[in-house]
Each structure stands twice: as C-alpha cells, then as structure tokens.
1. Exactly one of (1) farther than 17 Å from residue B:148 by Cα; (2) touching a residue at least 12 places away in the same chain (Cβ under 8 Å) is unmet by residue B:7. Its number?
2. In region B:48-81, how many are facing chain A (nearest Cβ under 9 Å) and part of a loop (DSSP other than H, G, I, E, B)?
3. Give the residues of region B:110-155 that are modelled with pLDDT of 95 or more, over 22 Å from residue A:93 (Cα atoms) and either more than 14 Å from every other protein chain (Cβ to nearest Cβ) or part of a loop (DSSP other than H, G, I, E, B) (or both), sorted by residue number.
4. Run down B:1, B:13, B:44 and say which single residue is in contact with a helix residue (DSSP H, G or I) (Cβ under 9 Å, 6 or more places away or on another chain), away from every other protein chain (no Cβ under 14 Å) and surrounded by fewer than 22 Cβ atoms within 10 Å (Cβ to Cβ).
5. Given the conditions (1) over 20 Å from residue A:42 (Cβ atoms); (2) more than 9 Å from chain B (Cβ to nearest Cβ); (3) open to solvent by 20 Å² or more (accessible area, probe 1.4 Å), which single one is not true for residue A:89?
6. Within region B:156-176, track down each residue that is in contact with a Gly (Cβ under 9 Å, 6 or more places away or on another chain) and assigned to a loop (DSSP other than H, G, I, E, B).
7. Sort out which residues of region A:44-62 are more than 12 Å from chain B (Cβ to nearest Cβ) and assigned to a helix (DSSP H, G or I), and write them in order of number.
8. Of all residues in region A:63-87, which are more than 15 Å from residue A:53 (Cβ to Cβ) and either among the polar types (S, T, N, Q) or part of a loop (DSSP other than H, G, I, E, B) (or both)?
Amino acid sequence: MEVVGSNFNVVYDSSRSAVVFKGSLRLDANGYRDIESLLQVYLAEAREEIVLDFTDLEFLNSSGINVVYKVAVLLRGKPSRLVVLGSTRHPWQAKTLPNFTKFKPDAAVRID
Amino acid sequence: MDISIGDYAMPEMDAGIEVRLNQDSLKPRWGGCGQTADFLAAYMQNAKRLTDAESCQSIAFVLNELVENAVKFSAGGDIVVHVSASGGQVLCVVDNRIEPGTSEALKWKLRAIAEGDAASLLISRVEANAASSSSESGLGYLLMMSDYGASLGWNIRGVDGQQEWLSTAARISFEY
C-alpha cells in the first residue's frame, strides 16, 4: 500500500511492519487525505509496534506534521509501542520528531 | 486601524530581497510556495554565507509556512515576501490582504498565540486536531516558535479605508 506524488512517496512496508516516508512533503491540508487513510489502515491492525520511518524525508510542512503527530495521540492508552526513526541528515527531524514523546511519552524516537 | 501584536519589531537589516507573488497563480500550483521558500532561503544562505544545512532549512521551513498561510488566507491580489538579515538574525516578513470583517477574530487568535506558551499550545492544538475531522492544522506559527525559536509578530492595518492588510514577521537567530 502506498501513496505516491511527484516528489514523495509514503509506503506501508509490510515486511518491516513500518510506514516509510521519502522525498519532500509539502502538500496543502487536503492533500494529506490519502496519507491519513494509509495510516488509519496501518493503525487499525492491532500491532505490538508501530514504526514511522522518516529517515529519507527531506522536508515536512506543518500540515504533514499534524497528520503524523495525530498518530501518537491516537495511540495513547493503547498497548502498541510507537517507534519513530529519523536522520541527522535532515535538520528538521531533530527539532520536530522529539515532540512525539509529548503526545505519547513512551514513544521511542531514534535520530541517527 | 493599525495594530501590532507580538514581537513586530522591524530592526535595521542589511542583506535583503523582496519578491511579489500572485495568489491567483500560486493557489492552483501549490508547489510554488515551496519553490519560493527554497529560492529565498538559498539566496540568504549565499548572501550571509551560512554554511550549515540547518540554518538554510530553518529559513526554508519558516518561509514555507508563511507563504503557504498567505496563499491560503489572502483576500486576493499580491503577496509580498521580504527576507533580510543582519548580525545573527534573519527576518522574514509576508504581507497579504485579509478578508474584510475578519480582522477582529484574527486579532484575538494572534494575541492568544503571542501571549501563550507555544509548546503548550502546540500540544493542545494537536490533541484538538486529533478529535476533529477538519484538515486545517493551525500548527505553522506554533512550530516556528517552539521548534525553531522564531520570534513572531503581526501588524493589521487598514489601507485606503477599504482594504485590510496583514503583515506577519518571523525573526530567527543564528550563530554565524
């Protein structure tokens, strides 16, 4: 399952049980509907671990940040563990990804 | 009417650039917002010899949010983007027309942002968004302040007794 745009793709990688974001995401608010649907399908399947991998995502605007932060809010009180993967190659990630723990304090944010 | 909210200081700056965008042409071509932000960030990176990727990406993020906001909410006509720098600061200012009759509600909204704690407002806003079906995030200003340390200010003014204009200023500090 994937959502593909001219300069991004978001893939549900079932082999890793992760949603992988790549490219540059600067859609307008309505443009994120398909990505939200993909995430909802992913979350609907009960899992021990939910993995969001932003390692190859160069840019994410505030509308997109809202969509991914909502995942953490929706996982509150549920047994699934949230793992967020990032990279120091993209400076925005060290600023924005640690906020996941504000919405789900036991989220594991790894920025390598 | 001429009201300033938050940190709307306009210090003397040196290296600068100004571009004029047309809302009608940008709205259907949304990617133009990001292209504008990237171009201006690259220009300032060169003008100020910013060598680190973090500074350039911070300017691009802030400008992208300001331009996207202006394109979404402008009441038409031109959108003017000014970027300038001096010492260790980069100042981004975006001017756009606002819909007549909306300035009062806008003032309250902006005051709440200016007087609140950005990190706390960010959390409550995301929680509210998660419980809502609206696709509008309302996170742009809060992320600029909480994650990028930007200082924000706004000016709302009447022009020619008919039009109302909003200027949004974001100041980011760097160690050059």
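The values are calculated or read from the model by the stated rules, or taken from the named source; none is laboratory data. Note that the coordinates shown come from a computational prediction; the quantities given were computed from them, not determined experimentally. FYI the Cβ positions are ideal-geometry reconstructions off the backbone, even for glycines, and counts take in every protein chain you see. Quick note on the areas: whole protein, heavy atoms, side chains included, nothing else; ligands and nucleic acids left out. Shrake-Rupley method; radii C 1.70, N 1.55, O 1.52, S 1.80 Å.
1. Condition not satisfied by residue B:7: (1).
2. Summing the residues that are facing chain A (nearest Cβ under 9 Å) and part of a loop (DSSP other than H, G, I, E, B) in region B:48-81 gives 1.
3. Within region B:110-155, B:110, B:111, B:112, B:114, B:115, B:116, B:153, B:154, B:155 qualify.
4. B:1
5. (2)
6. Of all residues in region B:156-176, those in contact with a Gly (Cβ under 9 Å, 6 or more places away or on another chain) come to B:163-165, B:167-176.
Passing the criteria: B:174, B:175, B:176.
7. Scanning region A:44-62 gives a single hit, A:44.
8. A:63, A:66, A:75, A:76, A:77, A:78, A:79, A:80
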